[in-house]
């Protein structure tokens, strides 16, 4: 249990004991392990006649845990590709430049316990732009893997990435959730500090190398929800 904010420690301790002091789990806890699975990629369209917009989803399963030496590079690389701001690679190309999507972005996650992770991207757009949007997404991935990120791009991204972490820890709800999860993982906020230090010291070579190693276009599978 975690509590964040302006509270009286004795009062909360007494209340916690009152509510949970005699509680016993009816069954022993056993964690279910997640396993990485290499899945044959597909490109699938689904007709959704009740929807006014189309939705694009791309996913890539990754064999990586958050203590992997490449984790920090992948986290910052995804932030620049589509995870953090409106001038990310995907947003600049698909939203600002070509005007194909109302909202586009990407995410990267890796388990703290098992060697399983995911890269995902999504976009919402007008159905008639389906082919153009998918082509732009694939082209932007190809450009990234061929050309890599620039030094200036990386320096700006580091600032935004670190500021996002600070802002997250300033929100009581997000901080309590993080602390609660860290109790289970036997971690402290020092883990965040260490990650941010690693991000700050990343070089262009490290980031580009990690993205080329893990972001394999031939293994990405896509789903497109279309209004006929």
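The values are calculated or read from the model by the stated rules, or taken from the named source; none is laboratory data. Computed from a prediction, not measured in an experiment: that's the story for all the values here. So basically every Cβ, Gly included, is an ideal-geometry build from the backbone, and we count neighbours across all protein chains shown.
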Regarding region 29-41, can at least one residue be identified that is at pLDDT below 90, more than 20 Å from residue 100 (Cα to Cα), in contact with a strand residue (DSSP E or B) (Cβ under 8 Å, 6 or more places away or on another chain) and surrounded by 14 or more Cβ atoms within 10 Å (Cβ to Cβ)? yes
Might you let me know whether region 108-120 holds any residue that is within 20 Å of residue 219 (Cα to Cα), in a loop (DSSP other than H, G, I, E, B), in contact (Cβ under 8 Å) with a residue 24 or more places away in the chain and within 20 Å of the chain's Cα centre (by Cα)? yes
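Is it true that residue 164 is modelled with pLDDT under 95, touching a helix residue (DSSP H, G or I) at 6+ places or on another chain (Cβ under 6 Å) and surrounded by fewer than 16 Cβ atoms within 10 Å (Cβ to Cβ)? Let's see the steps before the verdict.
Working: modelled with pLDDT under 95: yes; touching a helix residue (DSSP H, G or I) at 6+ places or on another chain (Cβ under 6 Å): no; surrounded by fewer than 16 Cβ atoms within 10 Å (Cβ to Cβ): yes.
It is false that residue 164 is modelled with pLDDT under 95, touching a helix residue (DSSP H, G or I) at 6+ places or on another chain (Cβ under 6 Å) and surrounded by fewer than 16 Cβ atoms within 10 Å (Cβ to Cβ).
Can you pull out every residue in region 192-212 that is out of contact with any helix residue (DSSP H, G or I) (no Cβ under 7 Å at 6 or more places or on another chain) and surrounded by 15 or more Cβ atoms within 10 Å (Cβ to Cβ)?
Filtering region 192-212 down to residues out of contact with any helix residue (DSSP H, G or I) (no Cβ under 7 Å at 6 or more places or on another chain) leaves 193-194, 197, 201, 203, 205, 208-209.
If the condition is that a residue be out of contact with any helix residue (DSSP H, G or I) (no Cβ under 7 Å at 6 or more places or on another chain) and surrounded by 15 or more Cβ atoms within 10 Å (Cβ to Cβ), then 208, 209 are the ones that fit.
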Which of (1) more than 18 Å from residue 91 (Cα to Cα); (2) out of contact with any helix residue (DSSP H, G or I) (no Cβ under 9 Å at 6 or more places or on another chain) does residue 217 not meet, given it meets every other one? (2)
Region 1-16, residues that are in a loop (DSSP other than H, G, I, E, B) and either surrounded by 12 or more Cβ atoms within 10 Å (Cβ to Cβ) or touching a residue at least 12 places away in the same chain (Cβ under 8 Å) (or both): 1, 2, 3, 4, 5
Could you tell me which numbered condition residue 131 fails, if it satisfies all but one of (1) over 19 Å from the mean Cα position of the chain (by Cα); (2) at pLDDT below 95; (3) under 20 Å from residue 76 (Cβ atoms)? (3)
Taking region 76-95 as the search range and keeping residues that are surrounded by 15 or more Cβ atoms within 10 Å (Cβ to Cβ) and either part of a loop (DSSP other than H, G, I, E, B) or out of contact with any helix residue (DSSP H, G or I) (no Cβ under 7 Å at 6 or more places or on another chain) (or both), which one is modelled with the highest pLDDT? 78
